[in-house]
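The values are calculated or read from the model by the stated rules, or taken from the named source; none is laboratory data. It should be emphasised that the depicted structure is a prediction, and the values quoted were computed from it without experimental measurement. Cβ sites come from the backbone with ideal geometry, for glycine too, and all protein chains shown count toward neighbours. Heavy atoms of the whole protein, side chains included, go into the accessibility calculation; ligands, DNA and RNA do not. Shrake-Rupley method; radii C 1.70, N 1.55, O 1.52, S 1.80 Å.
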Amino acid sequence: MRASRLVVTLAAGALVWATPLSGQGYRVRLDARYQGVSYRGVMLDSIPIDAAVLSGDGSYFTSDGFAANCPQAAEYCTYFRSGPELRGHPIVTTVAADVWGFGVQGLRFSSKARVGTDLASGDIWPGVNPELQLLEGFLEYSAGPVVAQAGRTHVTSRLGWTGFDGAKAEVRPLGRKLKLLGYGGWGLARGVALPVTSSALNPLDDLQPRDRQIIVGAGAGWAVTGVFGQAVWQREIDPGSDDLVSDYLNFDVDFRPSDNLNVTGGAYYDLAAGLWGTANAQATYIAPRGMGRLTLGARRYRPRFDLWTIWGAFSPVAYNAGFGSLSLSPVGGLELRTSGEIYEFDDAEADRRFTQIESDGWRWTLGASYNGMEAWRFHSNYWVDRGPGSRSVGVDALATFIPVDDLYVTAQVERLVRPLEFRFNEADVWSAGLRLDYETAQGVRINAELRRYEEVRERLDASYVNWDQWRLNLGLSFAFGTDTRGGGLHPAILRIPTGRGIR
């Protein structure tokens, strides 16, 4: 926390310091979001076992009709009833700043921080602890084919977003056809800009590391006519025990034999477990003049867990899937689309002599959009998802009205029906919302949304929880700084490539 506050303070100081220096520039973007939300949970309660009512099928209920769990030889039965209504008012502000022109050619400072708090009393809404998070904060030096960063930065790969406090360097020789990458430092937890030792992530489980993991990685990529490929190795180590946290090797390939056809694929290999992980391959054909798009592919998904967690002990199995999507534009402004996927889980090798277990499923979506009118936009989807343990059917419709330039008024309605197996509980959720988006000539964006949720749950007992609620969302974002046109930006920023190239 102290380090985060220090870096954010240094970023603010750099902006103030930047103003009087000749040739120096800066750019700041501010984004603020507010929500007014309410929700209700359930509370665990109990009654003496002799106060429970035994039904004809052997089930137990409370005297007022709540289903109860009464273990043999227990003195009490447990059951769930509605909890109190909780109201939260979270507000989150993100500040991103770039400063360049320090007198060293190719040097810039970049930072992004998030401040969040709940205006309601009590710890109601998740995700606002800690209140201050440093998402990025690094110095970057760019000179010809070399780009180096030091501070809080990240890399992206098939494993997703990986953040760390350390250094990263890229070298792109041979006219940017080759990329060599190396990085290392103290890692952040997966998917968040917090160390794995942060109290905000506790309790993950009893085995949460006491020391931040050390992360190292290296990679190489190449780009020739129509072909891009890369391989990245990444290892994480617990410095307290010298044990592995994770060890992966990633592969990606992107092949474009023509302007209308693109083939992509990749996979990662878990070196610690000796297993192939998530992999995919797909081909996309784009019809001339934007008349349509066809995608066909296959993928294999395997859950991955850091070795310090307990989840790997449950031996989660992978599933294999085939998927496809098709979109057509027969007339101007009209798009018709459909997509689908079938999948099947690997054999869990569990004893199932006395029961039949489903291991496959499918999902399908049908949709249409129309943008052929000057002031109106229409969008609708229908989807079905049938998998092991659950089902869902849904439909949504959206209409956007543009009365004047830069003002969008959007109305949406959605319904989701979720019958669940192994539970006497079926949910039918309706949602309707009205949203306004407006951007001023100065680049200030304002949005507001009011949304209503109504849910009906069909149960055999009295344990009905009223989860109907209103939600209010407000947003404001704007950017300011020196003029980015012409010579406003540093040459290091202007050299960032556009279009296709090595990633």
Quiz item: Dividing the convex hull volume of the alpha carbon atoms of the range 161-257 by its residue count, what do you get in Å³ per residue?
Solution: 104 Å³
Quiz item: For the range 63-98 and the range 103-168, what is the separation of their C-alpha centers, rounded to whole Å?
Solution: 34 Å
Quiz item: Zone of residue 174 (label point 7 Å along Cα→Cβ, backbone N under 20 Å): which residues in the range 135-149?
Solution: 144-147
Quiz item: Within the chain, what's the longest stretch lacking GluC sites (Glu not before Pro) that sit in DSSP loops with no more than 15 other Cβ atoms inside 10 Å?
Solution: 132-348
Practice problem: For the chain, give the magnitude of the charge dipole about the Cα centre (Cβ charges: +1 Lys/Arg, -1 Asp/Glu; no others), in debye to the nearest 20. | Solution: 2220 debye
Quiz item: Add -39500 (n - 2.57) for each DSSP H run of 4 or more in the chain, then divide by its residues: what number comes out at 222 nm, to the nearest 500 deg cm²/dmol?
Solution: -1500 deg cm²/dmol
Quiz item: Using 17 Å as the cut-off for backbone N distance, which residues of the range 130-149 belong to the label zone defined by a point 7 Å from the Cα of residue 104 along Cα→Cβ?
Solution: 137-149
Exercise. Can you figure out the FRET efficiency of residue 253 with residue 381, using R₀ = 41 Å and their beta-carbon distance, to the nearest 0.05?
Key: 0.85
Self-check item: Reciprocal of mean inverse Cα separation for the chain (Kirkwood radius, Å)
Solution: 27.5 Å
Self-check item: Positive-end residue of 178, 189, 219, charge dipole of the range 168-243 with Cβ unit charges
Solution: 178
Quiz item: Taking the Cα centre of the range 85-188 as the origin, how large is its charge dipole in debye, to the nearest 20, when only Lys and Arg (+1) and Asp and Glu (-1) carry charge on their Cβ atoms?
Solution: 700 debye
Quiz item: To the nearest 20 debye, what is the magnitude of the charge dipole of the range 191-251 about its Cα centre, counting +1 on the Cβ of each Lys and Arg and -1 on the Cβ of each Asp and Glu?
Solution: 320 debye
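Which net charge results when you count Lys and Arg as +1 and Asp and Glu as -1 among the other residues whose beta-carbon is under 11 Å from that of residue 160?
Value of the local net charge: +3.
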Self-check item: Where labels lie 7 Å past Cα in the beta-carbon direction, separation of residue 440 and residue 208 in nm
Solution: 4.3 nm
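With all protein chains present, how much of the accessible area of the range 53-195 (probe radius 1.4 Å) comes from carbon and sulfur, to the nearest whole percent?
On the way: 4200 of 7110 Å².
C and S fraction of accessible area: 59 percent.
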Quiz item: With the other protein chains left in place, how much accessible area per residue, in square angstrom, belongs to the chain at a 1.4 angstrom probe?
Solution: 58 Å²
Quiz prompt | Top positive-direction residue, dipole computed over the chain with Cβ charges, set 231, 271, 143 | solution = 143
Quiz prompt | Cα centroid separation - the range 234-259 against the range 384-418, whole Å | solution = 37 Å
Self-check item: Over the chain, relative contact order from alpha-carbon pairs under 8 Å, at least 6 apart, %
Solution: 11 percent
Self-check item: residue 344/residue 392 FRET efficiency (R0 25 Å; Cβ-Cβ; nearest 0.05)
Solution: 0.85
Quiz item: Residue farthest toward the positive end of the dipole of the chain, with Cβ of Lys/Arg at +1 and Asp/Glu at -1: which of 83, 157, 466?
Solution: 157
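Considering only the other residues whose Cβ falls under 14 Å of the Cβ of residue 88, what net charge follows from Lys and Arg at +1 and Asp and Glu at -1?
Working: positive: 33, 40, 87, 471; negative: 85, 118, 123.
After counting each charged neighbour, the total is +1.
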Quiz item: How far, in degrees from 0 to 90, does helix 2-18 lean away from the longest principal axis of the Cα atoms of the chain, to the nearest 10?
Solution: 40 degrees
